[in-house]
Amino acid sequence: MTAPTRVIVIGSGFIAGEHLNALHQLPDAEVAGIVDLDPGRAAAAARAAGGVPWSVDLAAAITEWSADAAIVCTPNHTHPAIGRALAEAGVHALIEKPLAITPSAAAELVTLFEDRGLVLSAAHTHRYAPYARAVRQAITDGAVGRPLQARITLLGGWIWGDWRNWQIDRQRSGGHALHNGVHLLDLVTWWLGDTPTHVHAYGRKRAAADLEVHDYLMITVGYASGASAVCEMSRANQPRGIGYREVFVQGDEGTLRLPWDNEGTLLWGHDGTKSLAGGPSPFLAQARSWLATVRGSAGDGEAVTGRTGLAAVVLGDAAERSLADGTMITLTGEVAR
């Protein structure tokens, strides 16, 4: 391709804005338009994106705007139907995590895109964050020898506005282990470079007992080599403005720690503690990598594929099943690294 890749953005919520900001910084991408079922939201997002076209009809938008690719930023349960429409129209896709809320639906999407020779990527944006890349590179360089155990802690305050939000509706989000837990499950598996074999999860409903989803998670993953990983995640921290992240990796030749104080300058205010650290946008790095794959070039790093997204869904689904009955789940399906 020599002309810019024409990308439509489907959905106009907060995360769509992050993707749009990234696309606007890439000279080989052109925002063809925004699709949303709510015409008011679609029109407002289109104005904010520089006056691009908007529509409530995905099929018409794909044809009328000559779309090459699409970024899907809609609630999790809608991903399979939208992905299917894109694949059948010959449109490459970057779908927000999780790829789907069941392994079977995610696997169907992977097959649809592969059979048509189209690029499918899952938006596991944390893989493109500087901290995640630094940990991956250190392990690859042999800093700890053979990794035996990893732990990542990612804690934050309540981010959903009220009881109508789809993220706390299990039928729409799949549960928190699928909605946000997949970020951590994907990272530890990528870092260890190993095949997951079993999953156990423990959860709490800390913000309110009436929640359908667990807003605190402790997920343990076992691997074929005997290595293990622990993923701790919360959206119920107080004060709600605080964010905390810590990484620990133990190998047979050393230890790697990435403590919270690596975050940079901190602002202590009445509404909590906030980091003022800057750094490269993981959304920009992700968009650049995905677009390079769409355009047939190698890009500047490891692209996240549809099979990567499927593997994360398998892990998130296992964690949700473990939360439901308290048992350890043995993995029997495909879990790519």
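The values are calculated or read from the model by the stated rules, or taken from the named source; none is laboratory data. Note that the coordinates shown come from a computational prediction; the quantities given were computed from them, not determined experimentally. Every residue, glycine as well, gets a Cβ built from its backbone with ideal geometry; the counts of neighbours run over all protein chains shown. With ligands, DNA and RNA removed, areas are computed over all heavy atoms of the protein, side chains included. Shrake-Rupley method; radii C 1.70, N 1.55, O 1.52, S 1.80 Å.
Filtering region 2-13 to residues that are surrounded by fewer than 17 Cβ atoms within 10 Å (Cβ to Cβ) and either touching a helix residue (DSSP H, G or I) at 6+ places or on another chain (Cβ under 8 Å) or within 18 Å of residue 56 (Cα to Cα) (or both) leaves only 13. Taking into account only those residues within region 211-243 that are more than 18 Å from residue 168 (Cα to Cα) and of a type in the set (S, T, N, Q), which is farthest from the chain's Cα centre (by Cα)? The residue in question is 225. Applying the criterion of being in a loop (DSSP other than H, G, I, E, B) and in contact with a Gly (Cβ under 7 Å, 6 or more places away or on another chain) to the residues of region 66-96, the residue that is surrounded by the fewest Cβ atoms within 10 Å (Cβ to Cβ) is 74.
Filtering region 84-97 to residues that are under 18 Å from the mean Cα position of the chain (by Cα) and more than 14 Å from residue 305 (Cβ to Cβ) leaves only 96. Filtered by the rule that a residue be free of Cβ contacts under 8 Å to residues at least 60 places away in the same chain and open to solvent by less than 10 Å² (accessible area, probe 1.4 Å), region 169-182 gives a lone residue, 176.
Of the candidates 32, 44, the single residue that is in contact (Cβ under 8 Å) with a residue 12 or more places away in the chain, farther than 21 Å from residue 171 by Cα and open to solvent by 20 Å² or more (accessible area, probe 1.4 Å) is 44.
Out of 220, 140, report the one residue that is open to solvent by 50 Å² or more (accessible area, probe 1.4 Å) and within 17 Å of residue 317 (Cβ to Cβ). The match here is 220.
Just name the residue that is farthest from residue 83 (Cα to Cα) out of those in region 107-137 that are open to solvent by 60 Å² or more (accessible area, probe 1.4 Å) and assigned to a helix (DSSP H, G or I). Among those residues, the one meeting the criterion is 137. Restricting attention to region 164-189, the residues being closer than 17 Å to residue 13 by Cβ and of a type in the set (A, V, I, L, M, F, W, C) number 2. As for region 97-105, it holds at least one residue that is out of contact with any Leu (no Cβ under 6 Å at 6 or more places or on another chain), in a helix (DSSP H, G or I) and in contact (Cβ under 8 Å) with a residue 12 or more places away in the chain. For region 183-210, taking the residues that are crowded, with 16+ Cβ neighbours inside 10 Å and among the aromatic types (Phe, Trp, Tyr), the one that is farthest from the chain's Cα centre (by Cα) is identified as 191.
The set of residues in region 145-155 that are at pLDDT below 95 and crowded, with 18+ Cβ neighbours inside 10 Å contains only 154. Does any residue of region 308-321 turn out to be surrounded by fewer than 17 Cβ atoms within 10 Å (Cβ to Cβ) and modelled with pLDDT of 95 or more? Scanning region 308-321 turns up at least one residue that is surrounded by fewer than 17 Cβ atoms within 10 Å (Cβ to Cβ) and modelled with pLDDT of 95 or more. Take residue 108 and tell me if it is of a type in the set (Asp, Glu) and in contact (Cβ under 8 Å) with a residue 40 or more places away in the chain. In short, no.
Can you tell me which of 156, 117 is touching a residue at least 24 places away in the same chain (Cβ under 8 Å) and small (Gly, Ala, Ser)? Before the answer, list the steps.
Working: 117 fails: touching a residue at least 24 places away in the same chain (Cβ under 8 Å).
Just a single option satisfies the conditions, and that option is 156.
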